[in-house]
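For reference, the structure discussed in these notes is given below.
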């Protein structure tokens, strides 16, 4: 279970977010906090994996809390900084920039519907699983981990902006029952293998496809592509 602490100055909003989190399988709400000081104490005592963090709190900002936890984590007795998702009405770019610099998993702008939160929590859940399974941080693994935190809604918006041939490549891989190679894609679409490889590389870079290495009888690795795992 992913231990989650909800932090919002509004009691009703915090409770609503907590109820929403509790609806997502695999998540356990370990507390609600309504100030940075209260959140700090709960982080220390309950050791959550994830914070749903409001920006505007009565005593300081949510990002100030993250900075405090980061500073404390440098000591031997520090608790470390949980992963955090900003859930806030703050729309200024400086807040977004600061959140990214401090390592925010996502930045969700209020108001939003429950599916938006659920999708991001599920993306985070799968990201944690993939991270726990990874044994070596090669570039493909790093690219996949970064891309996995995007929600399906973000993927859908990106899909609509793809060039026609690239969209066909994505559809071909997504529709395959198992991971397929660039040669398979080239044959299915009637394009050259270099063309298929170029589009596949772009789709992996954008986080829309996963890339794995399969070792055949010769021992040489072959790139195999599949729809992004969630």
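The values are calculated or read from the model by the stated rules, or taken from the named source; none is laboratory data. All figures in this text were calculated on a predicted structure; none of them were measured in a lab. Cβ: placed from backbone, ideal geometry, glycine included. Neighbour counts: every protein chain shown.
Within the option set 71, 18, being assigned by TED's automatic domain parsing to the domain that holds residue 122 and in contact with a strand residue (DSSP E or B) (Cβ under 7 Å, 6 or more places away or on another chain) holds for one residue only, 18. One residue stands out among those in the stretch 87-114 that are free of Cβ contacts under 8 Å to residues at least 24 places away in the same chain and assigned to a helix (DSSP H, G or I): the one that is surrounded by the most Cβ atoms within 10 Å (Cβ to Cβ), which is 96.
Here is a yes/no grid of residues against (1) more than 27 Å from residue 129 (Cβ to Cβ); (2) in a strand (DSSP E or B):
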site	(1), (2)
31	no, yes
38	yes, no
44	no, no
48	no, no
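If the condition is being surrounded by fewer than 21 Cβ atoms within 10 Å (Cβ to Cβ) and in a loop (DSSP other than H, G, I, E, B), then the stretch 56-69 contributes 58, 59, 60. Of the listed requirements (1) out of contact with any helix residue (DSSP H, G or I) (no Cβ under 9 Å at 6 or more places or on another chain); (2) surrounded by 11 or more Cβ atoms within 10 Å (Cβ to Cβ); (3) modelled with pLDDT of 75 or more, residue 177 misses just one: (2).
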